[in-house]
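Below you'll find the structure, written out as structure tokens, and then a few comments.
The values are calculated or read from the model by the stated rules, or taken from the named source; none is laboratory data. From a predicted model like this one, the values you see are computed outputs, not experimental measurements. Cβ atoms come from the backbone with ideal geometry, glycine included; neighbour counts cover every protein chain shown. Side chains are part of the model used for accessible areas, which takes the heavy atoms of the whole protein and leaves out ligands, DNA and RNA. Shrake-Rupley method; radii C 1.70, N 1.55, O 1.52, S 1.80 Å.
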Amino acid sequence: MKLFIKAVAGIVALLSLTIFLLSEVSAAGFDTETVDMTSSVFMFFCGMLVFMMAPAIALFYGGMLRKQSMTSMMAQCLGVMALVMFIWWAVGYSLAASGDGQFIGGLDYIFGQGLSITEGNGNIYTMQFFVFQGFFAIVTACIVFGATAERIRYSAVIAFLALWSILVYAPMAHMVWFGGFLSDGITQLGFPAQDFAGGTVVHMCSAISGVCLLYTSPSPRDISGSR
């Protein structure tokens, strides 16, 4: 209980500091004409909560495993967080957020091109939107590897999720959130489709991927018997 109170107090303190300092920082050359500061602060706070979900998922999964598997689960979580965010910066965000294709985007934002911490696009800064979406990519990947707990090795998890982030998550995000087939295409056919809470991109995508990975990976008994 004390740890929970400290965590809440830390989040409130960080949010308060952001609210008081963001207006002064933005006055020092930031483009506030295309950015709503209230929306920017709110998105910053939401981004922190999404980011906290990733290690929380590892603790949740680890609590359902054997005690000696907790370290492995935390290591997988940290490795996946670093890998997926790098891929999101390098090519994932571009494939998801740029272009007008029905199933996958373009390469307009590859390696962070076009992203800025001083210019906005809509209500928030472009870099802030990139980071916020990247946190969702991390959380979705962390949900997937929970299906393989104690089943496949660390290197296999990393390799799979590296390919999965590019071949599965980025196209799905583009199709649903950035004007692809599952948003504009379905709407043009007379079936309006909206996904505000990430039910399709995050939960359905990760659940189906996890089930597929579960039934193609060996059971813990098979792994222990082969050692």
Report summary line: With every protein chain in place, the accessible area of residue 203 for a 1.4 Å probe, in Å² rounded to the nearest 10, comes to 100 Å²
**Report entry** Accessible surface ranking that places the most exposed of 117, 124 first, with a 1.4 angstrom probe
**Finding:** 117, 124
Query raised in the report: So, by mean Cβ neighbours within 10 angstrom, what's the order for 64-72, 152-160 with the highest one leading?
Result: 152-160, 64-72
Query raised in the report: By how many nm would the segment from residue 153 to residue 189 grow when fully extended, if each residue of separation counts as 0.36 nm and the alpha-carbon distance is taken off?
Result: 8.6 nm
Query raised in the report: So how exposed is residue 150, as accessible area in Å² (1.4 Å probe, rounded to 10)?
Result: 60 Å²
Report task. Given the peptides 107-116, 138-147, arrange them by the average over their residues of other C-beta atoms within 10 Å, most packed first. Result -> 138-147, 107-116
